[in-house]
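> Just dropping this structure here.
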Amino acid sequence: MKDFIKVSPLKVLEKSSQKGLGRGNLGVLMARAGVGKTACLIHIAFDKLFRKEKLVHVSLEDVPEKITSYYNVIFYDLVKALNIEDEHEVRMLFERNRMILAYLQQSFEIKRLRENLKNLVEKIDFVPDALIVDGLDFEKAERNVFEGFKEIAEQFRVEMWFSARTHRHITDVNERGIPYPCHELDDLFNIIIQLQPTQSGIVLKLLKDHGVEVSPEASVKLDPNTFLVMSE
Amino acid sequence: MDDIQKLRNIGISAHIDSGKTTLTERILYYTQRIFAIHEVKGKDGVGAKMDSMELEKERGITISSAATHCEWDDHKINVIDTPGHVDFTIEVERSLRVLDGSILVLCAVGGVQSQSMTVDRQMNRYRVPRLAFVNKCDRSGANPYRVVNQLRERLNHNAVLMQIPVGLEGDFSGVVDLVSMKAVYFDGEYGEIVRTEEIPSPLLDEANARREELLDAASMFSDALTEAILEERVSEGLISQAVRKGSLLRQLTPVFIGSAYKNIGVQPLLDAVNQYLPSPTEVENFALNLDQGQAEVKLSSNPDDPLVALAFKLEVTRYGQLTHLRIYQGSIGKGDDLINVRDRKKIKVGRLVRMHADEMEDITRAVAGDIVALFGVDCFSGDTFTDGRLNYSMSSIFVPEPVISLTISPADHKSQTNVSKALNRFVKEDPTFRSHVDQESGETIISGMGELHLEIYVERMKREFGADVMTGIPQVAYREAISRRAEFDYLHKKQTGGSGQYGRVGGYMEPSDDNVYEFVNQVKGGAIPTEFMPAVDKAFQSCLKEGLLIGFPVLGMRVVVNDGQFHAVDSSERAFNYAAIGAFKQSYLKAKPVILEPVMKVSVECPSEFQGNVMASINQRRGLIVSSAEDGVFTTVEAEVPLAEMFGYATTLRSLTQGKAEFTMEFSRYSKAPAAVAEELKAEFRDRVKKGKK
């Protein structure tokens, strides 16, 4: 799956100071509704899965069937785009290494997530390398929830990716250039990436890079159909 | 259409022993469908009316979904007695399918028990609006307030009390209606005289407080009620309309209380059925249009539209087969011609009856929304009937292949004939249940979708048909499949003495993409005369019935025959048949066959605190956990588990979760069995062959 890793959205992190997010850290993708946050998160998930890492997809909105079908659709696109020949084996691999935890009807609590991860590790020997958290409402969630996630990332030594929705009409930006709704939480995130739709594709722009100054070239352009990096 | 508005198709669902059969019996009594009351475990040996199966009578539980019709306050009510046990999946699915609303019966002492959770979740799955009835308020330890809290906390219901009790336990004597703010008592030998009084003064404060709660909850569904509350001009009508709206949206659960056994609170519950549960026109029903690739189409519930009806239950009576039907659209009259969509056969409606448990009333016409029964119609349960104008089916035509088999043998001579009667019946009732006689051993083999599925039928054979059977060890339906291409070139030649046999078949076999058998004739130049090719094809197909690895059927393959030879005199169909069988045997093992095992999609629902234990139990069974979803109180763990590992899982799960979890499973796919399992199966097969030879 070398081909995928070359064109994965996570390629943007090659331009970051530490070449990645790193275990124990939080990263977030920010974009307006409909730009493709979830698709991009799932591409990040595939990046991890194709590296044979174990991944937990935490959904606060959708039922597992919907998430599974989302992965299937994206996988189908990847099979076509990357000419994956051993489709069956690759599918088996990612299904074995992916776990979906869904918290429906506002049932999410940090302590439940911690308990569920503990169960995965202790009861079925599923030791995650990364977590994808989709559907968390950044505008409603209190700071202590993010602190809870940070503690979990450190406790389980996982890197954790979130998606956050921005709004066209809310233009608040903090002094470090981080827009609403992450402008008061950026100290908890090591990597902050913004997805910006342009006429020729979606630009992934690095806004925060582990506390070091972000290089002006730290961006990649994604094909809006496949969410894969477009050749420069 | 007015009539349909006043029709209710309801189920009564509950935990075993919370008194639903007694409640049903009282409903039938007050609606004057019966004129005496018998208890479920009655000493008079008559038993309650809805329990038409012997097994149920004996156990005091209800398995079968017998339907009965009654009338209350100008409304017609069809009561479908839904099974409360998770094992009876087909029955549950079918009965829930035909319901428009339901009464969830809860025990005032036991409260929300694990099975109440099960039935409630089934109702959620089918989007059935429901009322709750807290029964057994006369029992020691009864506390309806606690049960309402449990409804909220354990089942996530927006439950609201519509009544409060007058007295409790031994002093339970009536209810206070929080809508009319009157106390209601039930006089007469069987509580048939309803007496309304002022609220006893000691209960007034409690009643006012609970009414406030009711108004708060109901006003969420009605701006008119909110305004009326502010202006202090609340009417009974406004409250009822708001509660009805909330109930139909499944966002409010009105709770009623009583004691069916002591004849308290049943009549107000019947009023509530009419008032707060939907008519068939208020429920959306869908069919599959078979002319348009099974596209989903909404049905109209208009009696003048073309007919669509579903046969949801079959019953054997001494007069023949009785078919329970729910009419979704159109109407059925005596003498009408109906088309069974499954086989396009035409049937004539001879007798059309309305059922009252195991008694019946002849009628001449029934319309959309109604539940009736036909006599003497030969069909399967789940069949859809139309008047021929539409090609709709109420259920998918897809029937999964059985994944487990069991040998059965009659315990005595008398059972022998009864077994075949029972099997004939079950096969018609349940498309996932099959039976056949093994040609070699002469044993009868039944097949189905799981261990419990077959156990239930074995039990029913005994109870309903008096057929005592002995059963073998459950056998998983393994399959074989080749994994690579292999060439064959086989000559069958027998030219010594008598008429000769000669045929040579050359070509190759290879795995097919979708496991479908495909025979390709690429013979050129008449190497094998065309007239012998069907025999070659047939011979290969016959070989697929029993693989050479473990003796199980072989999933499809592509067989290409591209060469051969014949003899002008000695070649025959028979000779080429033998040649093809030889070719199969020659190449099959070279094609590296593998053993495939059925993998089930397993879904376990449990209180969230047991999530870890449930996951561990699946992991121990070679299961792959796909997801875990929490919705407050419950967690659903989805996994894929080989069927062979699922034997006895019900017992394991019960002990792991204090009986609070349930699981369902269905066939997902065939998957390559791990080497250790495959070796074991091969060794067993070798033993079997050896024994057979001896």
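Taken together, the values in this text are just the output of simple stated rules run on the coordinates, not laboratory data. Everything numeric here is computed off the predicted structure, so don't read it as measured data. Using ideal geometry, Cβ is built from the backbone for each residue, glycine included, and neighbour counts are taken over all protein chains shown.
> Rounded, prolate or oblate: which fits segment B:129-186 when a ≥ b ≥ c are the square roots of the eigenvalues of the alpha-carbon gyration tensor, with rounded for a/c under 1.5 and prolate only if a/b beats b/c?
Working: a/c = 2.47, a/b = 1.32, b/c = 1.87.
Since a/c reaches 1.5 but b/c is at least a/b, the shape of segment B:129-186 is classed as oblate.
> Ok, one more. Considering only DSSP beta bridges where both residues belong to chain B, give the percentage that are antiparallel (nearest 5).
Details: 120 of 147 bridges.
The antiparallel fraction comes to roughly 80 percent.
> Let me ask you something else. How long are the semi-axes of the ellipsoid equivalent to the protein assembly as shown, from square roots of 5 times the Cα gyration tensor eigenvalues, in whole Å, largest first? Don't skip to the answer; put the middle values down first.
Working: eigenvalues 530, 424, 124 Å².
Each semi-axis is the square root of five times an eigenvalue, giving 51, 46, 25 Å.
> Among the DSSP beta bridges whose two residues both lie in the protein assembly as shown, what percent are antiparallel, rounded to the nearest 5?
Values: 135 of 191 bridges.
DSSP beta bridges in the protein assembly as shown are roughly 70 percent antiparallel.
> Right, another one. When chain A is modelled as a GNM with alpha-carbon springs shorter than 10 Å, which of A:D86, A:D209, A:D186 fluctuates the most?
Fluctuation is largest for A:D86.
> Now for a different question. Hey, got a sec? Which trypsin sites (Lys or Arg not before Pro) in segment A:82-112 land in a DSSP loop and have at most 15 other Cβ atoms within 10 Å? Don't jump to the answer; show the numbers that get you there.
Values: sites: A:R91, A:R96, A:R98, A:K111, A:R112; in loops: none.
Here no loop site has a sparse enough neighbourhood.
> Taking the alpha-carbon distance from B:K6 and a cut-off under 16 Å, which lysines remain once sequence neighbours fewer than 8 residues away in the same chain are dropped?
Once the sequence-local lysines are set aside, what remains near B:K6 is B:K76.
> Please report the orientation-averaged projected area of segment A:96-144, defined via the convex hull of its C-alpha atoms, in nm². Write down the numbers at each step before the final one.
Values: hull surface 16.4 nm².
Convex hull of Cα atoms, orientation-averaged projection: 4.1 nm².
> In addition: Once you wrap a convex hull around the alpha carbon atoms of segment B:335-494, what is its projected area averaged over all directions, in nm²? Display every interim value, and only then the final one.
Details: hull surface 66.5 nm².
Average projection, Cα convex hull of segment B:335-494: 16.6 nm².
> If I build a Gaussian network model for chain A, linking alpha-carbon pairs within less than 10 angstrom, which residue out of A:A130, A:A33, A:A45 has the largest mean-square fluctuation?
Between A:A130, A:A33, A:A45, it is A:A33 that shows the largest mean-square fluctuation.
> If you don't mind, another one. For an R0 of 60 angstrom, estimate the FRET efficiency from the Cβ-Cβ distance between B:E359 and B:D223 and round to the nearest 0.05. Don't skip to the end; give the middle numbers.
On the way: r = 48 Å, r/R0 = 0.79.
Using R0 = 60 Å, I get an efficiency of 0.80.
> Which shape class applies to segment B:583-644: rounded if a/c is under 1.5, otherwise prolate when a/b exceeds b/c and oblate if not, where a ≥ b ≥ c are the square roots of the Cα gyration tensor eigenvalues? Walk me through the numbers before you get to the answer.
On the way: a/c = 5.49, a/b = 4.03, b/c = 1.36.
Here segment B:583-644 falls in the prolate category.
> Any chance you could list the semi-axes, whole Å, largest first, of the equivalent ellipsoid that the Cα gyration tensor gives for segment A:112-232, using √(5λ)? Working shown, then result.
On the way: eigenvalues 158, 73, 39 Å².
The equivalent ellipsoid of segment A:112-232 has semi-axes of 28, 19, 14 Å.
> If you project the alpha carbons of chain A onto their three principal axes, what span does each projection cover, largest first, in Å?
Projected onto its principal axes, the Cα set of chain A covers 47, 43, 32 Å.
> Roughly speaking, what is the stretch gain from B:D337 to B:Q32, that is 0.36 nm per residue apart minus the C-alpha to C-alpha distance, in nm to one decimal? Before the final figure, lay out each step's value.
Numbers: separation 305, 0.36 × 305 = 109.80 nm, distance 3.35 nm.
Full extension of this stretch gives 106.5 nm more.
> Please give the contour-minus-distance gain from B:R484 to B:D378: 0.36 nm per residue of separation, less the Cα-Cα distance, rounded to one decimal in nm.
On the way: separation 106, 0.36 × 106 = 38.16 nm, distance 4.65 nm.
Answer, rounded to one decimal: 33.5 nm.
> Given an 8 Å cut-off on Cα distances and at least 6 residues of separation, report the relative contact order of chain A as a percent. Please report the intermediate quantities before stating the final value.
Numbers: 401 pairs, mean separation 76.6, N = 232.
Relative contact order here is 33 percent.
> Another question about this same structure. Compute the distribution of all C-alpha to C-alpha distances in segment B:217-336, in bins of 10 Å from 0, and list the percent of pairs in each, rounded to whole numbers.
All Cα pairs considered, the percentages come to 11, 24, 26, 25, 12, 3, 0.
> Now a separate question. For A:I202, what is the net charge nearby, where nearby means another residue's Cβ is under 12 Å from its Cβ and Lys, Arg count +1, Asp, Glu -1?
Working: positive: A:R32, A:K37, A:K205, A:K221; negative: A:D223.
Within the 12 Å Cβ shell, the charges total +3.
> If exposed means no more than 16 neighbouring beta carbons inside 10 Å and the site is in a DSSP loop, what's the longest run of chain B without any exposed chymotrypsin sites (Phe, Trp or Tyr not before Pro)?
On the way: sites that count: B:F35, B:Y126, B:Y190, B:Y319, B:F398, B:Y517, B:F647.
Counting at most 16 other Cβ atoms within 10 Å as exposed, the longest clean stretch of chain B is B:518-646.
> Still on this structure: Rounded to the nearest 0.05, what FRET efficiency is calculated for B:V569 and B:R344 with R0 set to 45 Å and r the Cβ-Cβ distance? Let's see the in-between values first.
Working: r = 48 Å, r/R0 = 1.07.
So, using R0 = 45 Å, E works out to roughly 0.40.
> Restricting to lysine pairs 8 or more places apart or on different chains, what number in segment B:240-397 have Cα atoms under 20 Å apart?
On the way: B:K313/B:K334; B:K313/B:K345; B:K313/B:K346; B:K313/B:K348; B:K334/B:K345; B:K334/B:K346; B:K334/B:K348.
Going through segment B:240-397 pair by pair, I get 7.
> Between A:A81 and B:A527, what is the label-point separation in nm under the 7 Å Cα-to-beta-carbon projection?
That separation, rounded to one decimal, is 4.7 nm.
> Compute for chain B: radius of gyration divided by Kirkwood radius, i.e. Rg/Rh, restricted to C-alpha atoms, rounded to two decimals. Mind dumping the intermediate values first?
Numbers: Rg = 30.5 Å, Rh = 28.7 Å.
Ratio value, two decimals: 1.06.
> I need the calculated FRET efficiency for the pair A:E65 and B:E198, taking r as the beta carbon distance and R₀ as 51 Å, to the nearest 0.05. Intermediate values should be presented prior to the final figure.
Values: r = 54 Å, r/R0 = 1.07.
For R0 = 51 Å, the calculated efficiency reads 0.40.
> Here's something else I'd like to know. So for chain B, averaging the separation of alpha carbon pairs under 8 Å that are six or more residues apart and normalising by length, what relative contact order in percent results? The partial results should precede the final answer.
Details: 1555 pairs, mean separation 64.3, N = 694.
Value for chain B: 9 percent.
> Tally Lys and Arg at +1 and Asp and Glu at -1 over the other residues with C-beta under 9 Å from the C-beta of A:K15: what net charge comes out?
-1
> I need the shape label for segment B:97-154. Rule: rounded when a/c is under 1.5, else prolate if a/b > b/c, else oblate, with a, b, c from the alpha carbon gyration tensor.
Numbers: a/c = 2.50, a/b = 1.95, b/c = 1.29.
Taking the square roots of the gyration eigenvalues as a ≥ b ≥ c, segment B:97-154 is prolate.
> Hey, what's the per residue convex hull volume over the C-alpha atoms of segment B:438-527, in cubic angstrom? Provide the component values of the computation, followed by the final result.
Working: hull volume 20.5 nm³, N = 90.
Here the figure is 228 Å³ per residue.
> Here's a follow-up. In terms of Cα to Cα distance under 25 Å, which lysines are near enough to B:K682, apart from those fewer than 8 places away along the same chain?
Candidates past the 8-residue exclusion: B:K545, B:K585, B:K590, B:K592, B:K672, B:K690, B:K691, B:K693, B:K694.
> So if I restrict to the alpha-carbon atoms in segment B:483-617, what is the Rg, and what is Dmax, the biggest pairwise distance, in Å?
Answer for segment B:483-617, Rg first and Dmax second: 21.1, 78 Å.
> Could you work out which residue, out of A:M30, A:M92, A:M160, moves most in a Gaussian network model of chain A, that is, has the largest mean-square fluctuation with Cα springs under 10 Å?
A:M92
> Over all Cα pairs of segment B:539-694, how is the pair count split among 5 Å bins, expressed in % and running from 0 up to the last occupied bin?
Per 5 Å bin, starting at zero, the Cα-Cα P(r) for segment B:539-694 comes out as 2, 8, 14, 14, 12, 10, 9, 9, 7, 6, 4, 3, 2, 1, 1, 0 percent.
> To the nearest 10 degrees, how steep is helix B:266-276 against the longest Cα principal axis of chain B, on a 0 to 90 scale?
70 degrees
> Using alpha carbon centroids, what distance separates segment A:105-176 and segment B:255-302, in Å?
Answer, in whole Å: 42.
> At q = 0.24 Å⁻¹, work out log10 I(q)/I(0) for segment B:171-221 with the Debye formula, treating every Cα as an identical point scatterer and leaving solvent out; two decimals please.
After summing over all Cα pairs, the log10 values are -0.89.
> Add +1 for every Lys or Arg and -1 for every Asp or Glu among the other residues with Cβ under 15 Å from the Cβ of A:N190, and state the total. The partial results should precede the final answer.
On the way: positive: A:K15, A:K19, A:R23, A:K150, A:R157, A:R176, A:K208; negative: A:E147, A:E151, A:E154, A:E159, A:D186, A:D187, A:D209, A:E213.
Net charge in that neighbourhood comes out at -1.
> Using only C-alpha positions, report the orientation-averaged shadow area of the convex hull of segment B:542-585, nm², one decimal.
Numbers: hull surface 14.4 nm².
Quarter of the Cα hull surface area: 3.6 nm².
> For Cα pairs less than 8 Å apart in space and 6+ apart in sequence, what is the mean separation divided by the residue count of segment B:566-681, i.e. the relative contact order in percent? Numbers along the way, then the final one.
Working: 155 pairs, mean separation 39.1, N = 116.
Contact order relative to length: 34 percent.
> Which value in deg cm²/dmol, rounded to the nearest 500, describes the helix-derived mean residue ellipticity at 222 nm for chain B, given -39,500 (n - 2.57) per DSSP H run of n ≥ 4 and division by the residue count?
-9000 deg cm²/dmol
> Moving on to the next point. For segment B:434-503 and segment B:555-628, write down the distance between their C-alpha centroids in whole Å.
15 Å
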